[in-house]
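Quick notes on the structure that follows.
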Amino acid sequence: MPFTYFIADIHLSAERDDITECLLTFLEQDAPEAEALYVLGDLFEFWLGDDDVTPLSERVASAFKALSATTPVYFIHGNRDFAIREGWTKKAGMTLLPEQQVIDLYGTPTLLLHGDELCTLDIEYQKFRKKARGWWWPRLVGALPLWLRRKLAKRGRKTSQKNQQNLTAEIMDVTPDEVVYVMVKHNVQQLIHGHTHRPNIHSLTVGGKPAHRIVVGDWYTQGSVLRVSPVDVRLEKRQFLKTTD
C-alpha cells in the first residue's frame with residue numbers, strides 16, 4: 001500500500017543530538033519506503049542564512065540528499081527557518097514549495113502549510129511575520145556579517161521565549177475562522193500543518209461539507225510523524241535513541 005510521510009517542527013540544533021539522531025534514523029530506515037516526504041517547516045531551531053555552514057547543516061543535507069535518490073522530498077518554510085534558500089535545499093535534494101501548497105493526496109485535494117499564518121490572534125508575531133517574509137527585510141538581514149546575525153538571533157530567541165510566557169494557549173493556537181478562510185480560498189476539505197505542536201486530527205465543516213485539519217506534532221520530546229495512505233491517516237511517534245536531562 002503506497003503512503004506519504006509528513007513531518008514538521010523538528011527544531012534541529014547542536015544542543016540536541018538526540019533529535020538529530022532520531023531524524024537521521026527516520027530518514028535512513030523509514031522514509032525510503034514512502035512515496036514522498038514533506039517537511040512542513042521548522043526543520044532547524046534557527047537558520048541564519050545558507051552561508052552559515054555548520055557540521056549539523058551539512059550532515060542533515062547529506063541525509064536528505066541520499067533519501068531524495070529514491071524518495072522525493074519537499075520543503076515548506078517555517079517561522080524558524082524561513083531564511084533557507086534554494087542553495088541549501090538543492091544541496092539537500094529538496095524541492096522548495098511556496099508557503100501554501102495544494103497537492104492531490106490520494107484523490108483528496110489537500111492544503112499544506114507550516115501553520116504560523118493561522119495564528120492570527122498573536123498580533124505582534126503576525127506583524128513580524130509580514131516584515132520577515134517581505135522583500136526588503138531578508139535582504140537587509142542577509143547582508144549583515146554572520147557574527148552579527150548570530151548575536152541578533154540569540155537575542156531574538158530570548159525575547160521570543162519571554163514573550164511566549166505571557167501568551168495564552170488560545171492566542172498561540174490557530175484561529176478557527178482563519179482555518180476556514182484558507183480552506184475556502186484554496187477550495188479544499190483537508191488541511192495539514194505543523195507549528196502549534198499539538199498533534200491531532202480535527203473534524204470541522206467548510207462550505208457546508210465535512211472537512212479535516214490534521215496537525216503534525218513537534219520533535220522536542222518525540223519524533224511526530226504523519227503517515228497518510230489511500231485508506232487511512234496515522235499520527236505516529238518515533239522514539240529518540242537517547243534522552244536528555
**Request:** Pick out the one residue from I84, I103 that is of a type in the set (A, V, I, L, M), part of a loop (DSSP other than H, G, I, E, B), under 17 Å from the mean Cα position of the chain (by Cα) and within 26 Å of I214 (Cα to Cα).
**Result:** I84
**Item:** Pair list, Cβ < 9 Å and 6+ apart or interchain, from segment 46-65 residues that are under 14 Å from T89 (Cβ atoms) and among the basic types (K, R) to residues that are modelled with pLDDT of 90 or more and part of a loop (DSSP other than H, G, I, E, B)
**Value:** K65/A92; K65/G93
**Message:** When you scan segment 123-131, do you find a residue that is loosely packed, with under 14 Cβ neighbours inside 10 Å and among the β-branched types (V, I, T), even just one?
**Reply:** yes
**Message:** Need the failing condition index for W88 against (1) more than 29 Å from P145 (Cβ to Cβ); (2) crowded, with 18+ Cβ neighbours inside 10 Å; (3) out of contact with any Leu (no Cβ under 7 Å at 6 or more places or on another chain), just the number.
**Reply:** (1)
**Request:** Check off (1) within 21 Å of D173 (Cα to Cα); (2) of a type in the set (K, R); (3) more than 20 Å from the chain's Cα centre (by Cα) for R129 and give me the number that stays unchecked.
**Result:** (3)
**Request:** Specify the residue that is nearest to the chain's Cα centre (by Cα); the eligible residues are those in segment 53-81 that are part of a loop (DSSP other than H, G, I, E, B) and surrounded by fewer than 16 Cβ atoms within 10 Å (Cβ to Cβ).
**Result:** P72
**Request:** Filter segment 212-226 down to residues that are within 23 Å of L27 (Cα to Cα) and in a strand (DSSP E or B) and give me whichever is modelled with the lowest pLDDT.
**Result:** G223
**Item:** helices (runs of 4 or more DSSP H) wholly inside segment 106-211 that include at least 2 residues being modelled with pLDDT of 95 or more
**Value:** 176-185
**Asked** Taking segment 14-47, which residues are surrounded by 20 or more Cβ atoms within 10 Å (Cβ to Cβ), farther than 16 Å from G223 by Cα and among the aliphatic types (A, V, I, L, M)?
**Response** A34
**Request:** Check L56, L48, L67 and return the single one that is under 21 Å from R129 (Cβ atoms) and of a type in the set (A, V, I, L, M).
**Result:** L48
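The values are calculated or read from the model by the stated rules, or taken from the named source; none is laboratory data. All of these numbers come straight from a predicted model, not from anything done at the bench. Don't worry about glycine lacking a Cβ; one is built from the backbone with ideal geometry, like all the others, and counts go over all protein chains shown.
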